[in-house]
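Everything below concerns the one structure shown next.
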């Protein structure tokens, strides 16, 4: 019960103070130089995406809670809507962000956690610029927020697509110096990747800083006050 209360409080704080960062850096308002759909597009598969800690230099030392992932359609791609049967995991990885191992397990960090349990989710995207970049409106909320501290390593996003999906091509970067890359297999149960690439999707993370001790105390005090009030008002 306490865990659910805390998650609810964090979600509330995210709505008020949620901030964003785009990785790879420098592409906030610039179209990436390539495109692909191996995340939730096409047929079944597993894709690991890593973003080096260098992309998150503005995060506070105590870390952040990542609460949502946002992608954008590649320039010129029409709007779409559909669904996908997916699962998402995250971890803090020490793998090289420009050269992931073909062995999936070697890329996963010790704090690996399921941030989106397997489920069929709606997927949609809107073209907001004929030539790009479009807005980050391919949205994936994370029911289980992930605590990430760049000082402890790089951010690994492990994605699983079960079956097929009609997700349209997303905006990607193929730079060899942006501290981001992928490892991919056409089977969700595969232990190894058939493809590794220095390309990566352009991603906008929505996050909320880890609450300061004073804020945590204030939230707890507020929750206690509400509990006392409810006890007095509701017989």
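The values are calculated or read from the model by the stated rules, or taken from the named source; none is laboratory data. Everything quoted here is computed from the prediction, not taken from an experiment. Positions of Cβ are generated from backbone atoms using ideal geometry, with glycine treated the same way; all protein chains shown enter the neighbour counts.
This table checks each residue for (1) under 14 Å from the mean Cα position of the chain (by Cα); (2) part of a strand (DSSP E or B).
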residue: 35; (1), (2): no, yes
residue: 39; (1), (2): yes, no
residue: 49; (1), (2): yes, yes
residue: 59; (1), (2): no, no
residue: 65; (1), (2): yes, yes
residue: 70; (1), (2): yes, yes
residue: 83; (1), (2): no, yes
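In the set (1) modelled with pLDDT of 95 or more; (2) within 18 Å of residue 48 (Cα to Cα), the condition left unmet by residue 135 is number (2).
Take the conditions surrounded by fewer than 19 Cβ atoms within 10 Å (Cβ to Cβ), under 25 Å from residue 161 (Cβ atoms) and modelled with pLDDT of 90 or more and apply them to residue 91. Does it pass? Lay out the reasoning, then the answer.
On the way: surrounded by fewer than 19 Cβ atoms within 10 Å (Cβ to Cβ): no; under 25 Å from residue 161 (Cβ atoms): yes; modelled with pLDDT of 90 or more: yes.
It is false that residue 91 is surrounded by fewer than 19 Cβ atoms within 10 Å (Cβ to Cβ), under 25 Å from residue 161 (Cβ atoms) and modelled with pLDDT of 90 or more.
Looking only at residues of region 103-112 that are more than 16 Å from residue 161 (Cβ to Cβ) and surrounded by 15 or more Cβ atoms within 10 Å (Cβ to Cβ), we find that the one that is nearest to the chain's Cα centre (by Cα) is 112.
Determine, yes or no, whether residue 136 is at negative phi, buried (at least 19 other Cβ atoms within 10 Å of the Cβ), under 18 Å from the mean Cα position of the chain (by Cα) and part of a loop (DSSP other than H, G, I, E, B). Don't jump to the end; show me each part of the working.
On the way: at negative phi: yes; buried (at least 19 other Cβ atoms within 10 Å of the Cβ): yes; under 18 Å from the mean Cα position of the chain (by Cα): yes; part of a loop (DSSP other than H, G, I, E, B): yes.
Considered against the rule, which asks whether it is at negative phi, buried (at least 19 other Cβ atoms within 10 Å of the Cβ), under 18 Å from the mean Cα position of the chain (by Cα) and part of a loop (DSSP other than H, G, I, E, B), residue 136 comes out as yes.
Among the residues of region 113-131, write down those that are crowded, with 19+ Cβ neighbours inside 10 Å and over 13 Å from the mean Cα position of the chain (by Cα). Steps first, please.
Going through region 113-131, the residues crowded, with 19+ Cβ neighbours inside 10 Å turn out to be 115-116, 123, 125, 127.
Within region 113-131, 123, 125, 127 meet the criteria.
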